[in-house]
Amino acid sequence: MKAGHFALVDTGELPMSMQPEAVTATLIPEGAQRLNFLPATFGRYFMRGESLVYAWMRKLSEDYSGGFWHYYTLSNGGHYMAPEMGDARLTLLVEGNGYEGSMSADAAGIVACMFALGQLMHQVEDEAARDHLVEQYHALHSFAVFHPESGAICRAID
């Protein structure tokens, strides 16, 4: 190679300036802020959305038996909820894709929310409401790929 010339080597990685910024989650504390969580997540379909999350969790894991849920807001405008189960792990079985595995309650909550958002966005006829649900789904997916259990989450929702 001549002096002053260089070869580009494709490492398969994006330069630091082009890599996506990690999406972070913030726990919504108990109190008045929690009242806005469900409408912010599911829009005017918030009651149906909440019900779907619980139903999906019951369907996905026999280890889930109800209880208190934590609400999270994401730095990209997304939201998710996860059951309060301490350090317990849940076994999830996804009939549609054959996934079976163990994950934290936090990761399982993400999976249940993604299935609920996906189902609800296909059920609503209002275009603006559907667009909001699609945005929430993609925002949560963008967070899920940075989650410590991203591999299990992505296999479950695949």
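Observations on the model:
- Residue order, fewest to most beta carbons within 10 Å, for Ser150, Ser61: Ser150, Ser61
- With at most 15 neighbouring Cβ atoms within 10 Å, loop GluC sites (Glu not before Pro) (DSSP) excluded, longest segment of the chain: 126-158
- Using the rule -39500 (n - 2.57) for each DSSP H run of four or more residues, divided by the residues of the chain, the 222 nm mean residue ellipticity is -13500 deg cm²/dmol.
- Annotation: the residues Thr73, Thr91, Thr41, sorted from fewest to most other C-beta atoms within 10 Å of their own C-beta, follow the order Thr91, Thr73, Thr41.
- Rough spin-label spacing in nm, given labels placed 7 Å along Cα→Cβ, for Asp126 and Arg58: 2.6 nm
- Computed over the alpha-carbon pairs of the chain, the distance histogram in 10 Å steps reads 10, 37, 31, 11, 5, 4, 1 percent, short to long.
- Most positive-pole-ward Cα, Phe146, His132, Met121, against dipole of the stretch 119-158 from beta carbon charges: Phe146
- About its Cα centre, the chain has a charge dipole of approximately 100 debye under the convention of +1 per Lys or Arg Cβ and -1 per Asp or Glu Cβ, with nothing else charged.
- Within the chain, helices built from complete DSSP H runs that reach 18 Å or longer along their own axis (Cα positions) and carry a mean Kyte-Doolittle hydropathy of 0.5 or higher are 105-123.
- Computed from label points 7 Å out along Cα-Cβ, the spacing between Leu35 and Glu100 is 4.6 nm.
- Computed E for Thr26/His138 - FRET, C-beta separation, R0 22 angstrom, nearest 0.05: 0.70
- Within the chain, longest stretch free of exposed chymotrypsin sites (Phe, Trp or Tyr not before Pro) [DSSP loop, at most 15 other beta carbons within 10 Å]: 69-145
Just so you know, all these numbers are worked out from the coordinates, no wet-lab data involved. Here the structure is a predicted model, which is why all the values come from computation and not from measurement. Here Cβ is always computed from backbone atoms with ideal geometry, including for glycine, and neighbour counts include all displayed protein chains.
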